[in-house]
Amino acid sequence: MLKTVERVIRVVNETEKFPANTLFFAPVPFVETPADRVIEIRVFPPGVFAQWAQTQSPARRAAMLDQNFSGAPGKVVLFQGDGGMISEIALGVGAPLTLYDFAVASDFIRKNLSPELMGAATFRFCASESPADPTCMALGWALGCYSYNVYKGGSVAVPRLIWPDGADRKAVESLYSGISLTRNLVNAPANDLGPAELEAVAGHLARTQGASVSVVSGESLSRDFPLIHAVGRGSPRAPRLIDITWGAVDHPRLTIIGKGVCFDTGGLNLKPGSAMSLMKKDMGGAAHALGLARAIMGMGLPVRLRVLVPAVENSVSGEAFRPRDVIRSRKGLSVEILDTDAEGRLILADALALACEEKPDLLLDFATLTGAARVALGFDIPALFGNRAESVARLKNVAAAQGDPLWDLPLWRPYLKEMDSDIADLANIGTGPAGCIQAALFLEKFVTPETDWIHIDQYAWESSGRPGRPKGGCDMGLRAVLAYLTERFGV
């Protein structure tokens, strides 16, 4: 029988080197009332533009011709008014309208208009030309305004939108704050974001949202969470388990776990340089867990929320765990380490075991777990696993409706034999293909059968860049999961 976990509550001084409040909590780019100068944005769905264009003045038709604007989705034209000042913007959109359409507008404005103009003017979608849901319009605008400029000199001008009539402001502010938090954390370089700094962000989030936070580290971690401790002990940046709780105790219990490997060298099974260059993003699961928690708490979803983040750095040193080590997990299962670069599943295993002890109504984890998931689905679509077919199917359908895709893969249990070990209960990697399925099966060994569990294996990075999804850290599945949780637990 495991002993009760000892938790240490820390107080973070935010005037110290790591200002969690300023680096990772972004304001939304909206205003309540217009400035003296307002620039209108007209939105043209397919089939609307041609008739409108024929009613315009010769000067406007010339501007559309000069700027090659035909009302096609994703195209933008600027119209000048008296004195050559920009007075109006037209935007071609698709059908059905999506967040991307409105992100195009703010992304274009941010990149093409002067900071002076953006500082002097506010923007507004014309009601007669905007048939979209106003909440979608506002969130799309906000996503197009996102950029990561923490390490660049000077301030960045952001265009300000007058709130669209009827927009759910709480939902937009909560979701954008959660998404920007997720992206900022993934974008942060590992020299400034290790386990202690991730704890600082979690602490700030908890305090600002009326949650409580505790941390397990040191001797308590090595005793009660041996897999987390083993992965992180090779780094001078001490490993820890961050534990946030929020909400009424009589509400449904929702537990979210995020893989928090702040940098992954691969350990003694050292990665080559080409595979290590993006490993600051290996805490993308933790970023999603914290960002989703920010949105849930901001919206006041009626759940008893628990967020668990095992935070480690997988480093090389004389203290690092080794291939062929055997480590007994919190659940009691012994694990033979065949590859120290398959560390994420190890820290998640201990966190999953802890979560199940509380018998949550839903247990969900995010993790940048396997390259095999990227081989199967590419960079844009996270792999979705779960032990309840109805929960997986509903989440997949909600994800499609949100334009935030997830794709289900099977927990094909015959593949468990690939992780047989001669000397332990199981090995941490399999011997055959289907690596993302084997990783999910490994995690399932630490989940009690009566627990409704969902696992998302994601990339958390945008390589090419587009409006609303610039290059760098990227939320994947966050909006989908929030919509699913709202449907399942909302009032």
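Placing unit charges on the Cβ atoms of the charged side chains and taking the dipole of the chain about its Cα centre, the candidate lying farthest along the positive direction among Ser87, Pro189, Gly465 is Ser87.
Close amide H contacts of Phe30 (hydrogens built in the peptide plane, cut-off under 5 Å, sequence separation of 5 or more or a different chain): Leu161. Cα centroids of segment 158-204 and segment 263-277: 28 Å apart. Pick out, in residue order, every one of the trypsin sites (Lys or Arg not before Pro) in segment 416-474 that is DSSP loop and has at most 13 other C-beta atoms within 10 Å; say none if there are none. Listed in order of number, the matching sites are Lys471. Charging the Cβ of each Asp and Glu at -1 and of each Lys and Arg at +1, and nothing else, the dipole of the chain about its Cα centre rounds to 320 debye.
Which of the three applies to segment 27-145, rounded, prolate or oblate, going by the alpha-carbon gyration tensor with a ≥ b ≥ c and a/c under 1.5 meaning rounded? Here segment 27-145 falls in the oblate category. Once the chain from Lys417 to Arg60 is taken as fully extended at 0.36 nm per residue, the excess over their C-alpha distance is 121.6 nm. Need the C-alpha centroid separation for segment 62-98 versus segment 351-418, integer Å. A separation of 41 Å, based on Cα centres.
Among Arg322, Arg42, the ranking by other beta carbons within 10 Å of each residue's beta carbon, starting with the fewest, stands as Arg322, Arg42. Leu268 sits among other residues whose Cβ lies under 12 Å from its own Cβ, and their net charge, with Lys and Arg +1 and Asp and Glu -1, is -2. Net charge in the neighbourhood of Asp133 (other residues with Cβ under 13 Å of its Cβ; Lys, Arg +1, Asp, Glu -1) is -3. The spacing between segment 205-257 and segment 284-348, judged by their C-alpha centroids, is 10 Å.
When Met297, Met283 are sorted by how many other C-beta atoms sit within 10 angstrom of their C-beta, beginning with the fewest, the order is Met297, Met283.
Here is the list for segment 31-139: GluC sites (Glu not before Pro) lying in DSSP coil, each with at most 16 other C-beta atoms within 10 angstrom of its C-beta, are Glu32. Taken over the Cα atoms of segment 151-273, the convex hull encloses 182 Å³ per residue.
Each other residue within a Cβ distance under 10 Å of Cys145 adds +1 if Lys or Arg and -1 if Asp or Glu, for a net charge of +1.
Taking the alpha carbon gyration tensor of segment 308-441, multiplying each eigenvalue by 5 and rooting it gives semi-axes of 27, 17, 16 Å, largest first.
Projected onto planes of every orientation and averaged, the convex hull of the alpha-carbon atoms in segment 232-368 covers 8.4 nm². Loop-located trypsin sites (Lys or Arg not before Pro) in segment 131-184 (DSSP state other than H, G, I, E, B) with a sparse environment of at most 13 neighbouring Cβ atoms within 10 Å: Lys152. Farthest towards the positive end of the charge dipole of the chain, among the residues Ala103, Pro226, Ala295, is the Cα of Ala103, using unit charges on the Cβ of Lys, Arg, Asp and Glu. Helical content alone sets the calculated 222 nm signal of the chain at -10500 deg cm²/dmol, taking -39,500 (n - 2.57) per DSSP H segment of four or more residues and averaging over every residue.
When Tyr415, Tyr176, Tyr151 are arranged by Cβ crowding within 10 Å, least crowded first, meaning fewest neighbours, the order is Tyr151, Tyr415, Tyr176. A dipole drawn for the chain from +1 and -1 charges on Cβ atoms has a positive end, and of Ala424, Trp412, Cys136 the residue lying farthest that way is Cys136.
Every number in this text was worked out from the coordinates using simple rules, so none of it is lab data. A quick note: this is a predicted structure, and the numbers were derived from the prediction, not measured. Don't worry about glycine lacking a Cβ; one is built from the backbone with ideal geometry, like all the others, and counts go over all protein chains shown.
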